[in-house]
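Can you keep this structure in mind? I'll have questions shortly.
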Amino acid sequence: MRHDCLPTFGPEVGSAKTVLLLSRSNRMEQSVRVLARCRTCLPKRRRSPAATLAAMIAACMWILAPDPEPLRAQASGVIAGVVVNDRSGAPVSDAQIAVEGRNVGATSDAAGRFRIVGVTGSGNVELTIRRIGFQSRTLSVAIGATDVRVALTERAMELTSVVTTGTAGIAEKRAIGNAVTTVNAAEVVATQPVNSFQELLNGRASGVSITASSGQVGTGSRIRVRGASSLSLSNDPLIYVDGVRVDNTQASGPANQAFGSASISRWNDFSPDDIESIEVIKGPAAATLYGTEASNGVIQIITKKGAAGRPVWNLIARGGTSWVPNWLTRFEDNYGTVPRAGSTTALDTVTISTRQLNDSLNARFGNDIFTRGELQDVQLSLSGGSPTVRYYAGGGYEENRGAERVNRLRRTNLRVNLQANPSPSIDLQSSLGYTTGRTYLPYEAGGGGATWATYYASPSFLYGGVGVNTRAINNPQLGFRSGPPNIYYEAYDIFQDADRFTGSFQFANRPTSWLNHRLILGIDRLAENNEERTPRNDILGATYASFASSGPPTSGSIAASMRDVTVTSYDYVANANFSLTSAFKSVTSAGGQIYMRQSRFRGISGSTFPAAGLTSIASASIRNVGTDELFQNNTVGAFVQQQVVWNDRLFLTGAIRTDDNSAFGTNFDAVTYPKLSASWVVSDEPSLKIPSMFNMLRLRSAYGASGLQPGAFDAIRTYTAAGGFLTPSSAGNPDLGPERSTEFEAGLDAGMWNDRVALELTYFKGNTKDAILSRQAPPSNGFPGFQLFNAGQVDRTGLEWILRTTPIRGDRLALDLTLSGSTNSYNIASLGAGTDFVSLTSNTGHRVGYAPGAWWDRRVVSAGYDPVTKRATNLMCDDNKGGTVACASAPRVFLGNSVPTSEGSLTAGLTIFGNLRINSFLDWRGGYKKLDGNYRVRCGAFVLCRELYYPDEVEDKALLGAVQAGTAYTHHLIYDASFMRLRELSATYTLPARFASTVRASRATVTLAGRNLALWTNFPGIEPEASFNGGTRGGAFGQWEQNVLPQLRQFVATVNFNF
């Protein structure tokens, strides 16, 4: 971009300061010229989407920005400066700065800057600086000083901060009886290599477990809050953005992993750069007011808002690279037999390695199997306003390429948030967000792809087969399974287009001193287009048999599916506050919500193109309409809540919520959920003597219930239309109701040793009753298949903690540490009368007395061995009674949990000289097992592992018997998948003001960061964080790893400017 394009992109505005001083009339006169020139000022030879977007956003924001307060001609009588976080150096907005003994002060803006005018006299005055979440500070400054730097220290424990999640409105944390975890997203994103919302949340909220699916760019993870308690329904938490419920699908897009597994998550549609904070509530005791659908927890995203003050520009640019660590030596060598030179019958056993494959690929195509991906990301925002109108507008463009050359993501995001106070009693707020982009994915897992071709390579695909009297490399597959990666990339084109708009409007009114109420209207609109294209390619079809899908030559095909989702929210709450006595206060709340969700699915396909180059369905010789379905689900609910407050330190709350949902059976009435909670700030109690080490201590407890409704059509009878006739499809169940979860939690929050140590501890115990199960439909009703009913029960218990400490706190050196984690235990108490086991797959199931979705299969415990045939004989299996039985009649035995039962993280931050911040972040998961599908395919399906060619070397003959049995057993494939990962390491340097000012910036930082830098695990597979994201081999239970790309290692450089 040319220099004359800054920031209005015209020479008549030569500096950022000049821009800010233009009058409104001058701006409007120049607006047309600015918009016209913001395109022409870019180089004509090639305008990148990032540069075009940045220019357009900057021009529009400049035009809309309100006029700042005129600069004062003299510095006398003025005190100005900046308020920053002493730990990270980041600006602190909304800090209250007051001059002691005088009725003057100011509030810091989004850049942390403040300006106090009208300070008369000379000499020094005392400034007092206060901000929620920070320790207050007083310092002496000279009148006329305009370079004051105030560094505030964060409180280790803060009870006066407000939360919005799980309350009848905004409430202080001290008034809530349940645990609410808050993630300071803006601070994390400013210094850490975070590429998505799920990466932002990972490891930063105790009790939240994230199971990654793939290292492919654009793919997502599975998020669980306090584990998985539903046996057959979704275990996904709800998501709200600025008070509006949004689509929370965690597995969408083309099924590039096969077996029904799609790897894109809708959670990552929300840009981390637009998020101010995240609030997480964990379980029914906290989620009662969200009613039906909330038993899996609620995650609230709060986006950035403007602060009163002059306009503040923020420009962030990122660039980086990512790759598969150690991929040349990470994958197992494969074994096979090839013709012995000079013989037409004899065979030699040989190996093939990834390095050999890569050499062959380079010799033929001139590229490696895996490459280094590149990340480019630019974000631009403008915020500011007056005390009555405040705004935040931002946008960005991201282009991210993965380790496979066809894997790439292009995404654009825009956000505009406005706040207005037209009168002292009215608050208006709108939040508008839009994102659009395309994600290209390669096949992996059961879908094939470069990982399939590489992991399961065979020497027989390199040298030829039996009867070929040569050891020359003469096979076009070059040793790869099915074909080289380049052939996969030429044969298939898989992508998803996604457009999403999320908008909300909030009206809050305080008509009297004792009454306030608010209304939120919102909509989340999503449009997906998923396509899998196989262009006609006669050459591929004739050369590689695996790519002749319709018989050689390959005739081509295309499949397209559309998924459109609209979620509409209406939320009203009123609060009445009364002082009963001088000590007692009453807060009565009442409200109601309506949530409407509509989903439309359409799928069409075509095959057999008459000529190469045709890819549209209209040009296919055979065309099919696969699906055309419309689902609607509506919830109507209302609640009443009563809170009694004693001396602002004891809070007792009781509530009742009633919900009705369109998915309930016709015979099922509305459901009611209760809530009780207590919060006692013991440290504020003058009559109690607590140890001096506590500067704050709070005890809390809560009991509550919430639910999870069945699927849209689960309760009703359905029919299938085919050939002009209706045939029975599903029996339905008019008595079907929601799963009902109740929970009790108790905990404490403590601040100790002058805010150097903070502890949050929570114990929870609860259950899910009326869990939905399936049974064979009665033949008498004329409907085939299964019928859903309420019968099961799952019990759970767990412990969560967050420990924060600042062992070193000084002007030159500061160290802060955060240790968080959780453990949980699940147990199936009932599966209905007469049932103690429900099979999910061939090796997972629900059994009374065990965790849901655990691993169950036959276990070979002993075997003989025939040295002549070199095969294991007389296989005996565990009889689940302490003995053995012939494996042909053996029962399935417990092999381990498939859902993590523990998780945690350790964050360390070191601040040196106030301008260098070093952050490290480790996280771990444990208490579960995972299936190594790579070993299963290599050994059981394709006969590639060493033990099949050299069985004498295997000491454990029971293991040899399981391996030689092909895919009949899986017990030897299921391993402990616990791991610890050095997830992030970064260094952020705040440039001296004199350097920042050379680019007319008020603040500038440079960050160098790495992600996924080290891994510690006993899992023998390739990657503990690689699995099917959904379908029959993933999702809620039973994680498989099978030729899924490992997590990528990444290095990112970031520059951040405030203007």
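Run the helix sum for the chain: -39,500 (n - 2.57) per DSSP H stretch of 4+ residues, divided by residue count, reported at 222 nm to the nearest 500 deg cm²/dmol.
Rounded to the nearest 500, the figure is -2500 deg cm²/dmol.
Another question, if that's okay. Using a 10 Å cut-off on Cβ atoms, rank the peptides 916-929, 185-198 from the highest mean neighbour count down.
185-198, 916-929
Follow-up. At a Cα cut-off below 28 Å, give the lysines reachable from Lys957, other chains included and same-chain residues fewer than 8 away excluded.
Lys870, Lys881, Lys929, Lys930
Another question about this same structure. How big is the gap, in Å, between the Cα center of region 206-259 and the Cα center of region 779-849?
Taking the Cα centre of region 779-849 as reference, the centre of region 206-259 is 15 Å away.
Same structure, new question: Can you compute the modelled spin-label distance between Asp879 and Thr345, with each label point 7 Å from Cα toward Cβ, in nm?
4.7
Then there is this: Of the peptides 690-703, 803-816, 369-382, how do they stack up when ordered by the mean number of other Cβ atoms within 10 Å, highest first?
Final packing ranking: 369-382, 690-703, 803-816.
Tell me the net charge near Leu985. Cut-off is 15 Å between Cβ atoms, Leu985 excluded, with +1 for each Lys or Arg and -1 for each Asp or Glu.
Value of the local net charge: +2.
I need to check one value: relative contact order of the chain, counting alpha carbon pairs closer than 8 Å and at least 6 residues apart, in percent.
RCO, the chain: 11 percent.
Label region 188-308 by shape, choosing from rounded, prolate and oblate, from the square roots a ≥ b ≥ c of the eigenvalues of the Cα gyration tensor; if a/c is under 1.5 it is rounded, and otherwise prolate applies when a/b is larger than b/c, oblate when it is not.
The shape class here is oblate.
At 0.36 nm per residue, minus the direct Cα-Cα distance, what do Asp628 and Ser425 gain on full extension? Give it in nm, one decimal, please.
68.2 nm
Let me ask something else. Placing unit charges on C-beta atoms (Lys and Arg positive, Asp and Glu negative, everything else neutral), compute the dipole magnitude of the chain about its Cα centre in debye, rounded to 20.
The dipole magnitude comes to about 2020 debye.
Need one number: nm distance between label points at Ala829 and Ala363, each 7 Å from Cα along Cα→Cβ, rounded to one decimal.
Label at Ala829, label at Ala363, 6.7 nm between them.
Cα axis of helix 354-365 to longest principal axis of the chain: angle in degrees, 0 to 90, nearest 10?
Approximately 90 degrees, to the nearest 10.
Around Glu399, under 10 Å between beta carbons, what's the net of Lys plus Arg minus Asp minus Glu among the other residues?
Around Glu399, the charge tally is +1.
Follow-up question, since we're still on this one. Normalising by the residue count of region 78-152, find the relative contact order in percent from Cα pairs under 8 Å and 6+ residues apart.
Computed over region 78-152, the figure is 39 percent.
So if each residue of separation counts as 0.36 nm, and I subtract the Cα-Cα distance between Thr797 and Thr146, what length gain in nm does that give?
This chain segment gains 228.8 nm when fully extended.
Moving on to the next point. Given a Förster distance of 51 angstrom, what is the FRET efficiency for Ala527 paired with Arg812, based on the Cβ-Cβ distance and rounded to 0.05?
Plugging the Cβ-Cβ distance into 1/(1 + (r/R0)^6) gives 0.40.
Now a separate question. List every residue whose amide H lies under 5 Å from the amide H of Tyr928, counting only residues 5 or more places away in sequence or on a different chain, with H placed 1.01 Å from N in the peptide plane.
Long-range HN contacts for Tyr928: Thr901, Ala977, Ser978.
Hey, fewest Cβ within 10 Å first, where do Ser557, Ser213, Ser687 land in order?
Least to most surrounded, the residues fall as Ser687, Ser557, Ser213.
How high is the FRET efficiency from Ser997 to Glu947, r the C-beta distance, R0 60 Å, rounded to 0.05?
That pair, Ser997 with Glu947, gives E of 0.35.
For a label point 7 angstrom out from the Cα of Leu652 toward its Cβ, which stretches of region 671-686 have the backbone nitrogen within less than 17 Å?
Backbone N within reach: 675-682.
What angle do you read, to the nearest 10 degrees and between 0 and 90, between the alpha-carbon axis of helix 24-40 and the longest principal axis of the chain?
20
Additional query: Looking at [x] 2.14; [y] 1.01; [z] 1.08, which value of Cα Rg over 2.2 N^0.38 Å comes from a calculation on the structure shown?
[y]
If you take the beta carbon distance between Arg602 and Phe507 as r and set R0 to 30 Å, what does 1/(1 + (r/R0)^6) give as a FRET efficiency, to the nearest 0.05?
Once the sixth-power term is evaluated, E becomes 0.25.
Say each of Arg330 and Leu726 gets a label point 7 Å from the Cα, pointing the same way as Cα to Cβ; how far apart are those two points in nm?
Inter-label distance under the simple model: 5.5 nm.
OK, next. Output the 0 to 90 degree angle, nearest 10, between the alpha-carbon long axis of helix 49-64 and the longest principal axis computed from the alpha carbons of the chain.
Computed tilt is about 20 degrees.
Among Thr543, Asn754, Ala285, which residue has its Cα positioned farthest towards the positive end of the charge dipole of the chain, with +1 placed on the Cβ of Lys and Arg, -1 on the Cβ of Asp and Glu, and the dipole taken about the Cα centre?
After comparing all options, I get Asn754.
Highest mean first, what order results for 97-105, 341-349, 237-245, 873-881 on Cβ atoms within 10 Å?
Packing order, densest peptide first, comes out as 237-245, 873-881, 97-105, 341-349.
Would you pull out the residues with amide H under 5 Å of Thr181's amide H, same chain only if 5 or more places away, H placed 1.01 Å from N?
Hits under the 5 Å cutoff: Val280.
The numbers here are math on the coordinates, done by the rules we state, and not lab data. For clarity, every value in this text was computed on a predicted model and none was experimentally measured. Here the Cβ is made from the backbone with ideal geometry for all residues, glycine too, and neighbour counts use every protein chain on show.
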